[in-house]
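The values are calculated or read from the model by the stated rules, or taken from the named source; none is laboratory data. These numbers come from a predicted model, not from an experiment. Every residue, glycine among them, receives a Cβ derived from its backbone with ideal geometry; neighbour counts consider all protein chains shown.
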Amino acid sequence: MENPLTIIDMARSLTRHAATRQALITENVANADTPNYRARDVLPFADLYRAPGEAERATAFKPIATRAGHTGFQTDASGIPGLRQMEALAISQVGAESPNGNTVAVEDQLGRAAEARLNHEMALGIMQKSIGMLRAALGRP
Amino acid sequence: MSDLMRSMIAATSGMDSQTTRLRLISENIANIDTPGYRRKTISFEEVRAQSDARAVIPGQVRLDRSELERVYEPANPLANEDGYFDGSNVDLIVEMADARESRRSYEASLRMFEQSRGMLNSLFELMRR
């Protein structure tokens with residue numbers, strides 16, 4: 001059985017991802033007429049999220065080294081399930097660049113914003129349902 | 001949540017800058033018949049606002065240095081011996097196009113602001129239950 005807390009963690013990661021995207025997209029739209037501004041966005045959630053596999057689930061409570069000073073633990077931090085560092089990357093789109101060096105296409109940004117909003121709503125819905133399930137398991141209405 | 005706040009700050013700065021731009025466009029149109037008037041232009045700049053938001057501010061107001069229109073009106077007290085005087089260099093078509101672009105960007109910023117607020121609201125809604 002899938003641990004419901006994994007689902008909550010996943011939903012939380014998706015919420016964070018959607019919020020970060022929303023912030024970047026709004027910044028792009030606000031700067032739609034700024035000369036030399038480059039539009040930015042983050043990679044899709046699927047590329048940034050790592051779901052816990054069998055191996056991670058078995059060693060879920062094993063300590064790992066997250067700083068240089070920690071010794072005697074597993075050092076490979078890339079194996080940690082969860083959301084990886086979200087890096088804002090420049091969007092490259094053919095034909096979006098204006099003569100003043102601005103690469104924001106407002107229509108494209110609005111499409112991305114709709115996507116971010118949908119993901120955010122979905123994640124919040126999943127979180128709410130999972131909390132409901134936990135509540136039901138505890139025998140509370 | 002701080003991302004959504006950041007987003008609202010950026011959207012506000014966007015609307016603010018477009019408002020300034022629209023004001024200058026209105027001033028240009030109002031002065032289209034003022035002798036010797038040069039149209040005002042601004043260029044936006046990207047700045048770091050609170051919460052590290054990449055906000056936008058209107059840059060310095062500059063005057064368009066292009067040639068003024070020469071108006072032939074010998075009866076005008078400003079006219080020189082050939083009957084010409086300098087009008088303004090405001091082109092109504094250019095101003096209208098600029099206003100349209102500004103409005104479009106303003107509306108996009110407003111829409112993004114409302115969406116960020118909606119997302120923040122649904123987050124609070126989850127906490128309330």
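Computed quantities for the displayed model
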{"quantity": "Residue in segment B:90-106 that is farther than 30 Å from A:Leu118 by Cβ and touching a Lys or Arg at 6+ places or on another chain (Cβ under 7 Å) present", "calculated": "yes"}
{"quantity": "Boolean, A:Ala77 is modelled with pLDDT under 75 and more than 9 Å from chain B (Cβ to nearest Cβ)", "calculated": "yes"}
{"quantity": "Filter result (touching a residue at least 40 places away in the same chain (Cβ under 8 Å) and away from chain A (no Cβ under 12 Å)) within segment B:27-54", "calculated": "B:Asn28, B:Ile29, B:Asn31, B:Ile32, B:Asp33, B:Thr34, B:Pro35, B:Gly36, B:Tyr37, B:Arg38, B:Arg39, B:Gln50"}
{"quantity": "Single match in B:Ser109, B:Ser105 (criterion: surrounded by 14 or more Cβ atoms within 10 Å (Cβ to Cβ) and over 12 Å from the mean Cα position of the chain (by Cα))", "calculated": "B:Ser109"}
{"quantity": "Condition check for B:Ala108: within 23 Å of A:Gly101 (Cβ to Cβ) and either touching a His at 6+ places or on another chain (Cβ under 8 Å) or more than 10 Å from chain A (Cβ to nearest Cβ) (or both)", "calculated": "no"}
{"quantity": "Scope segment B:1-27; condition within 30 Å of A:Ala19 (Cβ to Cβ) and either of a type in the set (Asp, Glu) or in a loop (DSSP other than H, G, I, E, B) (or both); matching residues", "calculated": "B:Met1, B:Asp3, B:Asp16"}
